[in-house]
Number of protein chains: 2
Amino acid sequence: MDGPVTWQSVRAEALRRIHTREWPPGGQIPNEADLAAEFGCARATVNRALRDLATSGYLERRRKGGTRVPLTPVRKATFEIAIIRQDVEGRGQHYDYRLLADRLAPPPLAVRDALRLPGATPLRMVRALHLADDAPFCLEERWINPTFAGPEVRFDTISANEWLVRNLAFSGGGFAFYATPADASLAEVLMCDRGAALFAIDRTTFSDAEPITAVTLTYAPGYRMVTRI
Amino acid sequence: MDGPVTWQSVRAEALRRIHTREWPPGGQIPNEADLAAEFGCARATVNRALRDLATSGYLERRRKGGTRVPLTPVRKATFEIAIIRQDVEGRGQHYDYRLLADRLAPPPLAVRDALRLPGATPLRMVRALHLADDAPFCLEERWINPTFAGPEVRFDTISANEWLVRNLAFSGGGFAFYATPADASLAEVLMCDRGAALFAIDRTTFSDAEPITAVTLTYAPGYRMVTRI
DNA sequence: TCGAAAAATAAGTATAGACATAATGCGGCA
DNA sequence: TGCCGCATTATGTCTATACTTATTTTTCGA
């Protein structure tokens with residue numbers, strides 16, 4: 001591999017040094033200019049490689065402070081959040097959707113807090129069931145800031161999930177993944193036993209500092225969320 | 001904001017056009033050279049901005065094919081996979097660790113498949129409990145390729161989780177998140193009711209094409225895995 | 001001795017120019 | 001008609017240089 005020095009090759013070599021402890025955990029590595037000289041490439045190439053390693057958690061960089069190998073590595077995994085219809089169709093199953101409820105209501109405290117909303121602003125509450133091959137797949141329970149989706153936006157044919165992803169600008173938010181037992185209502189809607197272990201996701205989304213929506217997605221038993229790195 | 005054109009400002013403007021549908025879903029956007037001319041900056045600056053948007057799922061780029069806005073956006077979330085000790089300590093709790101079993105055994109079929117192992121190679125099976133403030137936090141059930149961690153590596157004081165992350169080079173693998181009911185054995189170890197809904201992660205890791213380890217982490221009830229974007 | 005100002009340092013970023021690479025599509029040949 | 005290969009094109013990347021910014025270290029004065 002003697003040809004042109006690519007940023008990938010620099011990254012590979014840096015990774016090798018990290019793994020062989022030639023660059024030990026907690027230690028500082030040479031600066032970009034020195035590495036560029038050593039590898040016989042431009043500093044920008046080294047920069048790109050080290051920046052990439054930093055976003056993956058293999059290195060920590062600070063201006064003037066230099067670049068160091070973290071003592072306790074924190075690997076970063078990326079995974080894709082598709083809309084539910086795509087998730088179902090990607091499994092080769094037939095997707096269907098059923099709107100169960102859609103009304104204005106005062107949100108529970110937990111939702112108010114998560115969205116950092118003042119007072120008792122009523123929010124739009126949407127409850128809908130996503131189906132795969134006519135079996136319950138996922139229950140969507142969502143609170144929407146009516147500023148972003150007024151009553152003229154109907155969720156009877158397109159899910160709120162899909163409408164929001166397609167129509168709004170997201171700039172931040174949080175996720176939580178957890179397991180929850182099926183209560184009577186969940187068991188009925190998802191057609192499973194009471195107490196069944198269900199995979200669930202809480203998500204909040206903001207546009208700048210404006211709260212858009214908080215949602216709980218509860219999946220039917222057996223659902224696995226997968227990703228590769 | 002009239003000063004120098006930064007790649008962040010180009011990204012912000014591009015994102016605005018995507019959200020306002022000035023660049024509609026499914027449509028192709030102008031090429032880098034044209035945008036650079038329009039914004040009065042170098043093509044590299046535009047490249048950096050669009051590349052960043054592509055990794056976040058807002059754009060799709062193909063050589064020669066140009067750059068287009070995806071019809072069905074797939075948002076990408078990154079989250080951090082810390083070692084369990086860090087996870088516990090990050091919550092301000094006292095971490096403890098107990099090794100329950102460590103022996104060579106033939107792996108179950110599911111593990112053999114996940115690691116793409118031929119024949120009936122015996123693997124090292126490690127079962128350990130992670131504790132937070134002396135309460136069960138997470139059960140680790142792991143199968144390790146003995147090539148990477150022979151018997152001289154002891155897991156009685158440091159967890160396999162931590163040893164592997166610190167000592168081995170990872171180059172790929174997969175994750176699956178799901179909910180599972182506590183069976184008798186899980187209920188006993190995690191000190192919860194039988195049938196309780198537990199959050200679990202299956203993970204496989206490889207070094208190039210070499211299988212390293214497959215692990216199931218099953219968390220005590222109430223665990224939430226959180227991240228922000 | 002303490003603290004504030006100045007210098008030094010390393011990463012972050014912008015630029016212009018060049019070449020590489022992967023698709024695409026078109027034209028020509030069988 | 002059908003297929004191969006070449007020209008075209010947009011992104012991908014490297015280089016060399018310059019300037020910016022955050023942060024640490026040094027220096028110098030009170």
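Among the candidates B:Leu71, B:Leu50, which residue alone is more than 10 Å from DNA strand C (Cβ to nearest atom) and either buried (at least 16 other Cβ atoms within 10 Å of the Cβ) or within 21 Å of A:Thr55 (Cα to Cα) (or both)?
Criteria check complete, one pass: B:Leu50.
Residue count for the range B:35-76 under the criterion of being under 15 Å from B:Trp7 (Cα atoms) and within 13 Å of DNA strand D (Cβ to nearest atom): the result is 18. Applying the condition of being over 18 Å from A:Ala77 (Cα atoms) and open to solvent by less than 20 Å² (accessible area, probe 1.4 Å) to the range B:213-229 and asking which residue is nearest to the other protein chains (Cβ to nearest Cβ) yields B:Tyr219.
No other residue among B:Ala176, B:Ala182 is facing chain A (nearest Cβ under 9 Å) and surrounded by 21 or more Cβ atoms within 10 Å (Cβ to Cβ) apart from B:Ala182. If the condition is being within 10 Å of DNA strand D (Cβ to nearest atom) and of a type outside the set (Val, Ile, Thr), then the range B:1-34 contributes B:Gly3, B:Pro4, B:Gln28, B:Pro30, B:Asn31, B:Glu32, B:Ala33, B:Asp34.
In the range B:26-47, of all residues being surrounded by fewer than 16 Cβ atoms within 10 Å (Cβ to Cβ) and more than 15 Å from DNA strand C (Cβ to nearest atom), the one that is farthest from the other protein chains (Cβ to nearest Cβ) corresponds to B:Pro30. Condition check for B:Pro108 on (1) in contact with a strand residue (DSSP E or B) (Cβ under 8 Å, 6 or more places away or on another chain); (2) open to solvent by less than 80 Å² (accessible area, probe 1.4 Å); (3) at negative phi: one failure, at (1). Within the range B:11-48, the only residue that satisfies the criterion of being among the aromatic types (Phe, Trp, Tyr) and more than 21 Å from A:Ala44 (Cβ to Cβ) is B:Trp23. For the range A:189-212, residues that are in a strand (DSSP E or B), facing chain B (nearest Cβ under 10 Å) and among the acidic types (Asp, Glu) total 1. Screening A:Ala101 against (1) within 14 Å of chain B (Cβ to nearest Cβ); (2) under 30 Å from B:Thr72 (Cα atoms); (3) without any contact (Cβ under 8 Å) to a residue 40 or more places away in the chain; (4) more than 16 Å from DNA strand D (Cβ to nearest atom) leaves a single unmet condition, (1). Among the residues making up the range B:159-172, those that are within 19 Å of B:Met125 (Cα to Cα), open to solvent by less than 50 Å² (accessible area, probe 1.4 Å) and free of Cβ contacts under 8 Å to residues at least 60 places away in the same chain are B:Ala160, B:Trp163, B:Leu164, B:Leu168.
The values are calculated or read from the model by the stated rules, or taken from the named source; none is laboratory data. Treat the numbers as computed from the prediction; the structure is a model and nothing was measured. Cβ: placed from backbone, ideal geometry, glycine included. Neighbour counts: every protein chain shown. In case anyone asks, the SASA skips ligands and DNA or RNA and just uses the protein heavy atoms, side chains included. Shrake-Rupley method; radii C 1.70, N 1.55, O 1.52, S 1.80 Å.
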